[in-house]
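**Q** What follows is a single structure, and I will ask about it in a moment.
Values quoted throughout were computed directly from the atomic coordinates according to the rules given, and no laboratory measurement underlies them. No experiment lies behind these values; they were computed from the predicted model shown. We place every Cβ from the backbone using ideal geometry, glycine too, and count neighbours over all the protein chains shown.
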Amino acid sequence: MYQNNKILAVIPARGGSKGIARKNIKEIEGLPLIAYTLQESQFSKYLDRTIVSTEDLEIKEVAERYGGEVPFLRPAELAQDISKTIDCIVHTVNTLKYLGEEYDYVVVLQCTSPLRKAWHIDEAIETLLQSKETSLVSVSEVEEHPILMRTLNQDGTLKNLLNVNSTVRRQDFPSFYKVNGAIYIQKLDKKFNLETNLNDGKLAYVMDKKYVIDIDTLLDIHTLEFYLNKNFKE
């Protein structure tokens, strides 16, 4: 709880995965991937409850082993390749409400961001609740700058992605940020529904790039292993 607001965390973890089979419970340096997020959620000062949303019984068992709560399973139709994250978040919030448990904010923590720390979560909560906004998304500065990016025309010629002069010195490039997938926070007001776009959170929480990784490929896993083997610290 923060400023008398009840705060729910939801960790989406469906069983299917296109890139890496059983990704959310794949063991990395002695722990299943989901455990890294579960541990940090438990260290948070402000999260009142953390629910894992899954349709998968094995993921349920692993999550509960590492302190996660799975009081109900996600319907299979909300765990397909075409399913949106917001679908399972709304399902979780509405199911808890039906069970008599209501919250003021929901924090979405994806398993695929295992380097995110508890203090990141708490700082993000403070940032949003001390503002006048109702939504927040974590971002990090881009490495590949869009000033140097191009699209291809049908005739094979290049078109600048940004309508700016790309001869500017690199050190003079303006800062650009991308949504990094580590933290999403939404106020649970009347505007929160299936049409809510988590990536369109209004307020930014800027994270240092060293804490940002999105596990999607085997190369990402090897990168994570490198960080963990090097005793990655705060």
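**Q** Considering each residue of the stretch 1-29, count those that are basic (Lys, Arg) and loosely packed, with under 14 Cβ neighbours inside 10 Å, and give that number. Let's see the steps before the verdict.
**A** Filtering the stretch 1-29 down to residues basic (Lys, Arg) leaves 6, 14, 18, 22-23, 26.
Next, only the ones that are loosely packed, with under 14 Cβ neighbours inside 10 Å stay: 18.
Number satisfying all stated conditions: 1.
**Q** Checking residue 187 against (1) under 30 Å from residue 101 (Cβ atoms); (2) of a type in the set (Lys, Arg); (3) free of Cβ contacts under 8 Å to residues at least 60 places away in the same chain, which single condition isn't satisfied?
**A** Only one criterion is unmet by residue 187, namely (3).
**Q** Report the residue count in the stretch 16-32 for those that are out of contact with any helix residue (DSSP H, G or I) (no Cβ under 6 Å at 6 or more places or on another chain), not in a strand (DSSP E or B) and not hydrophobic (A, V, I, L, M, F, W, C).
**A** 6
**Q** When you look at residue 98, is it in contact with a Leu (Cβ under 6 Å, 6 or more places away or on another chain) and over 27 Å from residue 140 (Cα atoms), yes or no?
**A** Considered against the rule, which asks whether it is in contact with a Leu (Cβ under 6 Å, 6 or more places away or on another chain) and over 27 Å from residue 140 (Cα atoms), residue 98 comes out as no.
This table checks each residue for (1) within 16 Å of residue 183 (Cα to Cα); (2) within 18 Å of the chain's Cα centre (by Cα).
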{"residue": "42", "(1), (2)": "yes, yes"}
{"residue": "47", "(1), (2)": "yes, yes"}
{"residue": "61", "(1), (2)": "no, no"}
{"residue": "90", "(1), (2)": "no, yes"}
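Residue-by-condition table, conditions (1) β-branched (Val, Ile, Thr); (2) outside any helix (DSSP H, G or I); (3) crowded, with 23+ Cβ neighbours inside 10 Å:
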site	(1), (2), (3)
52	yes, yes, yes
61	no, no, no
67	no, yes, no
71	no, yes, no
77	no, no, no
87	no, no, no
94	no, no, no
102	no, yes, no
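**Q** Which one of 194, 224, 228, 219 is among the hydrophobic types (A, V, I, L, M, F, W, C), surrounded by fewer than 11 Cβ atoms within 10 Å (Cβ to Cβ) and farther than 27 Å from residue 93 by Cβ?
**A** Working: 194 fails: farther than 27 Å from residue 93 by Cβ; 224 fails: surrounded by fewer than 11 Cβ atoms within 10 Å (Cβ to Cβ); 228 fails: surrounded by fewer than 11 Cβ atoms within 10 Å (Cβ to Cβ).
Every option except 219 fails the conditions.
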